[in-house]
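Participant: This is the structure, below, for whatever I ask next.
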Amino acid sequence: MTTTDSQALAALCDFVRLTTQADLVMAIEIQADGRASWATASPTVPAAGFNMARSGVFDHAWDGQAMEASGFRLPSAFMHALGGPAAHLLFVPAPSHGATLSGLLLLWRHHAPPLTAQIPLLAGSVARLLSARREAVRESIVRNQFIDLVESVPAGIVLIDGDGQSAVVNERAADLLGSTPGNHRAADLAGPMRALRQRCDNHAELEQAYATQIGDMNFAAKLNWTLGERTYEVDTHPVRGNGEHGRIWLFEDVTADLLMAAELRRLAASDPLTGIPNRRHFEERSAQIIAAREAQGRAVAVLMLDVDHFKKINDTYGHPIGDEVLKVVAKRCREALRDRDLLARFGGEEFIALLAAPTNDEVHITAERLRRAIAAEPISVGGERIAVSISVGGAIGDALPGCDQTLLEELIGRADEALYEAKAGGRNRVRMAEPVTDSA
């Protein structure tokens, strides 16, 4: 309800009270079931609820003349407001929207003057003001519910009205934009929104993406805005699919979700014991590396590594010690390889490495470096110093166009055969397979 409507309704009651010399004038909202409350009164009295269903007021055909109050059963709330029993009353029906029994009630503690017949002419004004009051109350309730809703959503919200002039910002969005929550002029938010994008690590990408949407009032987009360690998924779309109804911007902090997704990807790609890539990730990444080498016609090599007599280590020291041995083997192998080489646990006590762009000599040299890295120093674990060695089989081949999958399979097969020869030849040694030059 606006201040103007409130003042107008109060002023009308004051005018009627002075004109009719009534002791109390009330603008009353009455529901169809008789439940009622006064919207305003002159003089001002505390608000109260009451029921007029059995008062008899609605059974009388009011013609503008005051009636003796004794013929009606008035609620006690009237007596309290009047300061005593009423002698006369006059009810002016003023049906308002949603409350058709509403009207203006005049009460006199003594006799009513005869000049009251003109008061019903005010019924239309009373009805309009009561209707405006009900609508304002309804809008206030809806507005408060809307505010509660936008503040309860775990995301920043900027809602721009269809007229493009006004906007609502909730607290989360206000914190991001450096503004205050509540109502704003839409034009006043353009600067903070632009400044927020420019602070993003990926602002150039964002500016380019949104630039393509200029002129399309119905565009929808969902992009990640990266602000340092935080990432926000920003979803913008027209209200109900039509930009004429307005536009909403939703800022959802997805940092935790992205970190969780990255961790799940890492776990899916890693061996849970040693932390190095697992077999599945090795095969996927190797195919990518080989495909990249195909364009340059560069060679790739595979080394298969197996911990010698690992079953004896498990039987002698127990599986927990055996697991620790595998962790150290993985660590030493990783340190002995170049950053661009790919190491993975292939299964059990077996490891595999993919060497990108090596020469024949480099493959053998790398394999020997791996072997020495393990055998040079016993592994200390659980108070034990355990001598550990590995056997290594290697194979090299040229990455030719279209051979990524078949080449990897052939290199693994040839390296595995060489590994078997190394183990059969006494273990703790390296064997190289004949080069694979044609995967066709």
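The values are calculated or read from the model by the stated rules, or taken from the named source; none is laboratory data. Only a predicted model underlies this, so the values are computations on that prediction, with no experimental measurement involved. Here the Cβ positions follow ideal geometry from the backbone for every residue, glycine too, while neighbour counts run over all protein chains shown.
Participant: Please find, within the stretch 372-393, the residue that is surrounded by the most Cβ atoms within 10 Å (Cβ to Cβ) out of those that are polar (S, T, N, Q) and more than 51 Å from the chain's Cα centre (by Cα). Spell out the reasoning first.
Facilitator: From the stretch 372-393, those polar (S, T, N, Q) are 380, 389, 391; that's our starting set.
From what is left, the residues that are more than 51 Å from the chain's Cα centre (by Cα) are 389, 391.
Working: S389: 17, S391: 24.
Of everything passing the filter in the stretch 372-393, S391 is surrounded by the most Cβ atoms within 10 Å (Cβ to Cβ).
Participant: While we're looking at this one, here's another question. What are the residue pairs meeting all of these: first residue in the stretch 209-228, first residue assigned by TED's automatic domain parsing to the domain that holds I160, second residue exposed (fewer than 11 other Cβ atoms within 10 Å of the Cβ) and not basic (K, R), Cβ atoms under 8 Å, and 6 or more apart or on different chains?
Facilitator: From residues that are assigned by TED's automatic domain parsing to the domain that holds I160, the pairs are N218/G241.
Participant: Among the residues of the stretch 102-118 satisfying the criterion of being surrounded by fewer than 22 Cβ atoms within 10 Å (Cβ to Cβ) and out of contact with any Asp or Glu (no Cβ under 9 Å at 6 or more places or on another chain), which is modelled with the highest pLDDT? Break it down stepwise before answering.
Facilitator: Initially, the stretch 102-118 is screened for residues surrounded by fewer than 22 Cβ atoms within 10 Å (Cβ to Cβ), giving 108-111, 113-118.
Keeping just the survivors that are out of contact with any Asp or Glu (no Cβ under 9 Å at 6 or more places or on another chain) gives 111, 113-116, 118.
Working: H111: 85, P113: 81, P114: 77, L115: 69, T116: 72, Q118: 80.
That would be H111.
Participant: Looking at L223, is it within 22 Å of T255 (Cα to Cα) and crowded, with 18+ Cβ neighbours inside 10 Å? Reasoning before the result, please.
Facilitator: Working: within 22 Å of T255 (Cα to Cα): yes; crowded, with 18+ Cβ neighbours inside 10 Å: no.
Judged against the criteria, L223 is not a match.
Participant: For the stretch 9-40, which positions are part of a strand (DSSP E or B), among the small types (G, A, S) and crowded, with 22+ Cβ neighbours inside 10 Å?
Facilitator: Looking only at the stretch 9-40, we keep the residues that are part of a strand (DSSP E or B), and these are 24-30, 35-40.
Restricting the remaining residues to those that are among the small types (G, A, S) gives 27, 36-37, 39.
Answer for the stretch 9-40, where residues must be part of a strand (DSSP E or B), among the small types (G, A, S) and crowded, with 22+ Cβ neighbours inside 10 Å: A27, A36, A39.
Participant: Residues in the stretch 87-97 that are in contact with an Asp or Glu (Cβ under 8 Å, 6 or more places away or on another chain) and either part of a loop (DSSP other than H, G, I, E, B) or not assigned by TED's automatic domain parsing to the domain that holds A117 (or both): how many?
Facilitator: Count: 2.
Participant: Shifting gears a bit: Which residues, taken from the stretch 423-439, are in contact with a helix residue (DSSP H, G or I) (Cβ under 8 Å, 6 or more places away or on another chain), in a loop (DSSP other than H, G, I, E, B) and modelled with pLDDT under 95?
Facilitator: Of the residues in the stretch 423-439, the ones in contact with a helix residue (DSSP H, G or I) (Cβ under 8 Å, 6 or more places away or on another chain) are 428-436, 439.
Now drop any that are not in a loop (DSSP other than H, G, I, E, B), which leaves 428-429, 433-435, 439.
Once the filter is applied, which keeps residues that are in contact with a helix residue (DSSP H, G or I) (Cβ under 8 Å, 6 or more places away or on another chain), in a loop (DSSP other than H, G, I, E, B) and modelled with pLDDT under 95, the stretch 423-439 yields A433, E434, P435, S439.
Participant: Using the structure shown, decide if T44 is farther than 16 Å from A99 by Cβ, out of contact with any Phe, Trp or Tyr (no Cβ under 7 Å at 6 or more places or on another chain), assigned by TED's automatic domain parsing to the domain that holds Q118 and not hydrophobic (A, V, I, L, M, F, W, C). Explain how you work it out, then say what you get.
Facilitator: Working: farther than 16 Å from A99 by Cβ: yes; out of contact with any Phe, Trp or Tyr (no Cβ under 7 Å at 6 or more places or on another chain): yes; assigned by TED's automatic domain parsing to the domain that holds Q118: yes; not hydrophobic (A, V, I, L, M, F, W, C): yes.
Judged against the criteria, T44 is a match.
For every residue, the table says whether it meets (1) under 30 Å from K423 (Cα atoms); (2) not assigned by TED's automatic domain parsing to the domain that holds V329.
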{"position": "A262", "(1), (2)": "no, yes"}
{"position": "R265", "(1), (2)": "no, yes"}
{"position": "R279", "(1), (2)": "yes, no"}
{"position": "E284", "(1), (2)": "yes, no"}
{"position": "A292", "(1), (2)": "no, no"}
{"position": "L303", "(1), (2)": "yes, no"}
{"position": "D306", "(1), (2)": "yes, no"}
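Participant: Which condition does L74 not pass, out of (1) in a loop (DSSP other than H, G, I, E, B); (2) touching a residue at least 60 places away in the same chain (Cβ under 8 Å), if it passes all the others?
Facilitator: For L74, the exception is condition (2).
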